[in-house]
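Inspection log for the structure reproduced underneath, given as structure tokens.
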Amino acid sequence: MLAFLDTLRDIVGLPHCLTADADKAPFLTDWRGRYTGRAQAVVLPADTQQVAAVISACAAASCPVVPQGGNTGLCGGATPLAEGEPAIVLNLSRLRRIRQVDALNNAITVEAGVPLAVVQAAAEEVDRLFPLSLASEGSCEVGGFISTNAGGVQVLRYGNTRELVLGLEVVLPDGRIWNGLRALRKDNTGYDLKQLFIGAEGTLGVVTAATLKLFARPRSSVTAWLAVAEPAAAVALLGRLRGAAGDRVTAFELISRPSLDLVLQHIPGARDPLEQVHPWYVLVELADTRVEAGLMALLETELEAAISDGAVLDGVVAATSRQADALWSLREHISEAQKREGVSIKHDISVPISAIPGFIQQAAERLESAYPGVRIVCFGHLGDGNLHYNQSRPQQGENDAFIARTAEVNRIVHDLVRDSGGSISAEHGIGQLKRDILALYKQPLELEMMRRIKDAFDPGGMMNPGKVL
């Protein structure tokens, strides 16, 4: 082992090969604090060549590799296992170069350790937009959001990460470097290999750089916080707005009252936008590349009609960008507020938009029947069918016993997701959290094909073992 660690130190430099327990600790526990693993070392390479050399050394030593970015994942996918052969954590946060910005081609090439917010800022500098937007955008990194196929709040218009990637650079499990950094919209030359690595959670190789799509920057936008009586009214409102505004509806978020209550309780400075308490809220954003797009008038016209027929109970339209930011802050801090409240059983699921009202009603009925008094925190991206559907008990003593029944709660929720034609993971990935559950909801043939792909790229099972499969 000592010779192996010396090799790693020679590759990345002594300060960037961490072996002391105190130095490794921040990299060994996931953001939620649910998983803590073991590692021989945490290695922080500076460029793609160092990544390749580290992986080659690990392959020669038969040492597992756990790729890691900003460590903001929610399923334990970037955390080493607590048992088995100790891995190395390969943290890519030092790969921070923006290699090229091509405004005319609407493309940007960046390395895996670049934070999402930095990509957004680089796009803005050339009057373009990189549309991926997440609550963790200040700390999540390119390699991480590609490896989990992150979604965020603007999937409705721009799509998931999978739709935003033009090309990739990847270090394979044997240390070879695949340069697939093509900035082409059309390349019909066989298998689209980059798609295999998007959403693979580092189990097939390590993404070291990516070429991403840019878009025209919006010149005008309008944001509103609206109260509705039930999710069915929110779905109807979505249909109304999309019919009137088309793809200028860039975000449409559903937020339950318990979700808002946690933010008001735990996030300093949070304020309820409305005077009255309502059971459900919608946060909607319209945007256009024209300065004088008439978005405010369009939205107000549609809201007047929706209020008149009872679909919308109350609401506020942001008059300034600062007010819009305050409304978005309420939505973006829900996960942080939940973390401060305590442990909950979390579900990142998707169902067809038309099935959302029925799913929410039936899931609540089944959970309340099985666990009277359960607190359900439901929020998410209604516009693309992705809900974050979480359960807990308000009292800590009762909550510990409730969390112990996670498998039972998961089965109730996931069975209903399946019956609704949905998916048990919409944007957070599988990681450790859902690895064993996946086999219950994937067809056997799907799992067989996934294992064949894994074996083809990583026959030794060295890359991020114990995740996904």
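Does segment 262-271 contain any residue that is of a type in the set (A, V, I, L, M, F, W, C), within 23 Å of the chain's Cα centre (by Cα), assigned to a helix (DSSP H, G or I) and modelled with pLDDT of 95 or more? Checked against the condition, which is being of a type in the set (A, V, I, L, M, F, W, C), within 23 Å of the chain's Cα centre (by Cα), assigned to a helix (DSSP H, G or I) and modelled with pLDDT of 95 or more, segment 262-271 yields at least one hit. Restricting 325, 272 to residues that are acidic (Asp, Glu), under 30 Å from residue 398 (Cα atoms), free of Cβ contacts under 8 Å to residues at least 60 places away in the same chain and outside the structural domain of residue 393 (by TED's automatic domain parsing) narrows the list to 272. Looking for something at pLDDT below 95, of a type in the set (S, T, N, Q) and touching a helix residue (DSSP H, G or I) at 6+ places or on another chain (Cβ under 7 Å) - is there at least one such residue anywhere in segment 48-71? Taking every residue of segment 48-71 in turn, at least one turns out to be at pLDDT below 95, of a type in the set (S, T, N, Q) and touching a helix residue (DSSP H, G or I) at 6+ places or on another chain (Cβ under 7 Å). Among the residues in segment 449-458, are any touching a residue at least 60 places away in the same chain (Cβ under 8 Å) and under 23 Å from the mean Cα position of the chain (by Cα)? Yes, some residue in segment 449-458 is touching a residue at least 60 places away in the same chain (Cβ under 8 Å) and under 23 Å from the mean Cα position of the chain (by Cα). Considering each residue of segment 168-188 in turn, none proves to be touching a Lys or Arg at 6+ places or on another chain (Cβ under 8 Å), assigned to a helix (DSSP H, G or I) and either charged (D, E, K, R) or not assigned by TED's automatic domain parsing to the domain that holds residue 295 (or both).
Pairs only if they're at least six apart or on different chains, beta carbon under 7 angstrom, first in segment 280-299 and under 16 Å from residue 317 (Cα atoms) and free of Cβ contacts under 8 Å to residues at least 12 places away in the same chain, second among the aromatic types (Phe, Trp, Tyr) and not in a helix (DSSP H, G or I); list them, first residue then second. Going by the 7 Å Cβ cut-off, there are no qualifying pairs. Checking residue 22 against (1) assigned to a loop (DSSP other than H, G, I, E, B); (2) more than 30 Å from residue 99 (Cα to Cα), only one condition comes out false. Which one? Unmet for residue 22, out of (1) assigned to a loop (DSSP other than H, G, I, E, B); (2) more than 30 Å from residue 99 (Cα to Cα): (1).
Filter segment 323-333 for residues that are over 16 Å from residue 138 (Cβ atoms) and modelled with pLDDT under 95 and give the result. Those that are over 16 Å from residue 138 (Cβ atoms) and modelled with pLDDT under 95: none in segment 323-333. Looking at segment 307-322, which of its residues are surrounded by fewer than 18 Cβ atoms within 10 Å (Cβ to Cβ), part of a loop (DSSP other than H, G, I, E, B) and either in the same structural domain as residue 379 (by TED's automatic domain parsing) or among the β-branched types (Val, Ile, Thr) (or both)? Matches in segment 307-322: 320 only.
Among residues of segment 91-118 that are on the phi < 0 side of the Ramachandran plot, those with a Cβ under 9 angstrom from a residue that is of a type in the set (Phe, Trp, Tyr) and assigned to a loop (DSSP other than H, G, I, E, B), sequence gap 6+ or separate chain, pair up as 108/130; 116/130. Taken over segment 410-467, the criterion of being part of a helix (DSSP H, G or I) and hydroxyl-bearing (Ser, Thr, Tyr) is satisfied by 441 alone. Only one of the listed residues (123, 210, 135) is within 30 Å of residue 242 (Cα to Cα), outside any loop (DSSP other than H, G, I, E, B) and not acidic (Asp, Glu). That residue is 123. The residues of segment 186-217 that are in contact with a helix residue (DSSP H, G or I) (Cβ under 8 Å, 6 or more places away or on another chain) and among the β-branched types (Val, Ile, Thr), listed by number, are 198, 203, 206, 207, 208.
Could we say that residue 38 is touching a residue at least 24 places away in the same chain (Cβ under 8 Å), basic (Lys, Arg) and farther than 21 Å from residue 150 by Cβ here? Considered against the rule, which asks whether it is touching a residue at least 24 places away in the same chain (Cβ under 8 Å), basic (Lys, Arg) and farther than 21 Å from residue 150 by Cβ, residue 38 comes out as yes. Per the conditions (1) free of Cβ contacts under 8 Å to residues at least 12 places away in the same chain; (2) touching a strand residue (DSSP E or B) at 6+ places or on another chain (Cβ under 9 Å), the sole criterion not satisfied by residue 463 is (1). Looking at residue 91, is it within 23 Å of residue 339 (Cβ to Cβ), at pLDDT below 95 and not basic (Lys, Arg)? Here the answer is no, as residue 91 does not meet what is asked. Here residue 82 passes the criteria (1) over 13 Å from the mean Cα position of the chain (by Cα); (2) modelled with pLDDT of 95 or more except the one numbered (2).
The residue of segment 58-88 that is surrounded by the fewest Cβ atoms within 10 Å (Cβ to Cβ), among those that are in contact (Cβ under 8 Å) with a residue 60 or more places away in the chain and within 16 Å of residue 6 (Cα to Cα), is 62.
Within segment 348-401, the residues that satisfy the criterion of being in a helix (DSSP H, G or I), more than 24 Å from the chain's Cα centre (by Cα), modelled with pLDDT of 95 or more and not basic (Lys, Arg) are 358, 361, 362, 364, 365, 367, 368, 369, 370. The residues listed here are 222, 207, 155; of these, the one that is aliphatic (A, V, I, L, M), at pLDDT below 95 and either over 16 Å from the mean Cα position of the chain (by Cα) or crowded, with 22+ Cβ neighbours inside 10 Å (or both) is 155. Residues of segment 286-306 that are out of contact with any Asp or Glu (no Cβ under 8 Å at 6 or more places or on another chain) and part of a helix (DSSP H, G or I): 296, 297, 298, 299, 300, 301, 302, 303, 304, 305, 306.
Residue 254 - would you say it is part of a helix (DSSP H, G or I), aliphatic (A, V, I, L, M) and crowded, with 16+ Cβ neighbours inside 10 Å? Here the answer is no, as residue 254 does not meet what is asked.
The values are calculated or read from the model by the stated rules, or taken from the named source; none is laboratory data. Keep in mind that what you see is a predicted model, and the values were worked out from it rather than measured. Cβ coordinates were reconstructed from backbone atoms using ideal geometry, including for glycine residues, and neighbour counts include every protein chain displayed.
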